[in-house]
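K.L.:
I'd like to ask some things about the structure below.
The values are calculated or read from the model by the stated rules, or taken from the named source; none is laboratory data. Because the structure is a prediction, the values reported are computed rather than measured. Don't worry about glycine lacking a Cβ; one is built from the backbone with ideal geometry, like all the others, and counts go over all protein chains shown. Accessible surface is based on the protein model in full, side chains and every heavy atom, while ligands, DNA and RNA are left aside. Shrake-Rupley method; radii C 1.70, N 1.55, O 1.52, S 1.80 Å.
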Amino acid sequence: MFVQRIESRLDRLASWLQQPSLAVVGLVLVHLALLTPVPQADPDLFARVAVGRLVELQGGVAHEDPFSFSPRLDRWVDHEWLSGVVFYQTAEFGGDLGLLVLNYLFLILTITTLVRAHREFSGRSRVGLVWLLASLTLLYGVWVSVIRCRVFSFLAVSLLILVLVRWRNGKSRWLWILPPMFLLWANIHGGFVAGLGLLGSVACAVAAKTPRKSFQLWLVLALSILATLVNPYG
């Protein structure tokens, strides 16, 4: 009887923990507890905000580096210029607190998207959710500073995973949001290359098993690559 009671309570606890809303709330609280006491600003943030201010003052991206004291290149390409615009506008509107809130917003969106992707991929697998929660708790290191450009890539990768899961489940229309996403991603953080690699790897894996089924993936990959060429630098 005692063992049965223990098993019954463990089953109830597992059932309670597998709720996606509770998983998100729990993970967010863990991250906030770890980050809130000592939020640290990374020097890269100040450079991004400065670039965003420069874009607003000039009405477009600069092709010459105005910040360097060393010999300059003939042409300056800032592949993260759009993140600077986002950070500068956020700082103008909400100051340091606004940047901190934006960081936590990306944290919540990333975790929520990954939990959603897991639920749609594996259904109500308790063991799978436990491993997901254990791995996501390690992500607090991503948000150790007030905010950095990499938060865009972590959210974009989680969205890419969700889209691929939905495609696997027969919802192929979701693939068509990827080219516009890669257009923004290529202008906001260099991590878009990893996203193209992930999409290409999935296309190769599917083609090896069912070539016909991979056609949509190859088409979307090609369109996504073309989308990354749309930027202020040509």
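K.L.:
Express in Å², to the nearest 10, the accessible area of Glu120 obtained by rolling a 1.4 Å probe over the protein heavy atoms while all chains stay in place.
P.N.:
Accessible surface of Glu120 is approximately 40 Å².
K.L.:
For Ile177, what accessible area in Å² do you get when you roll a 1.4 Å probe over the heavy atoms of the protein chains, rounding to the nearest 10?
P.N.:
Using a 1.4 Å probe on the heavy atoms, I get roughly 80 Å².
K.L.:
Additional query: Please list log₁₀ I(q)/I(0) at q = 0.14, 0.17, 0.23, 0.29 Å⁻¹ for region 174-231, using the Debye equation with identical point scatterers on the alpha-carbon positions.
P.N.:
Debye curve over Cα of region 174-231, log10 I(q)/I(0) at q = 0.14, 0.17, 0.23, 0.29 Å⁻¹: -0.35, -0.50, -0.83, -1.15.
K.L.:
Stretched out fully, how many nm does the piece from Val101 to Leu219 gain, at 0.36 nm a residue minus the Cα gap?
P.N.:
38.8 nm
K.L.:
Note down the net charge around Gly84, summing +1 for each Lys or Arg and -1 for each Asp or Glu among other residues with Cβ under 11 Å from its Cβ.
P.N.:
Counting the neighbours of Gly84, the net charge comes to -2.
K.L.:
For the residue pair Trp174 and Arg212, what label-to-label distance in nm results when each label sits 7 Å from Cα along the Cα-to-beta-carbon direction?
P.N.:
Going by the 7 Å Cα→Cβ label model, 2.4 nm.
K.L.:
Turning to a different aspect of this structure: How many percent of the alpha carbon pairs in region 146-192 exceed a separation of 17 Å?
P.N.:
35
K.L.:
Whole angstrom only: what separates the Cα centroid of region 181-199 from the Cα centroid of region 87-108?
P.N.:
Centre-to-centre (Cα) distance: 22 Å.
K.L.:
Using 0.36 nm per residue of separation minus the Cα-Cα distance, give me the extension gain between Ala47 and Ala205 in nm, one decimal.
P.N.:
52.9 nm
K.L.:
Now for a separate question. What's the extension gain from Glu120 to Ala62 if we count 0.36 nm per residue and subtract their Cα-Cα distance?
P.N.:
16.5 nm
K.L.:
All other residues with a Cβ under 15 Å from the Cβ of Trp218 taken together, and with Lys, Arg as +1 and Asp, Glu as -1, what is their net charge?
P.N.:
Residues close to Trp218 contribute a combined charge of +3.
K.L.:
Then there is this: Sorted by mean Cβ packing within 10 Å, highest first, what order do the peptides 85-91, 202-208, 167-173 take?
P.N.:
My ranking of the peptides, most packed first, is 85-91, 202-208, 167-173.
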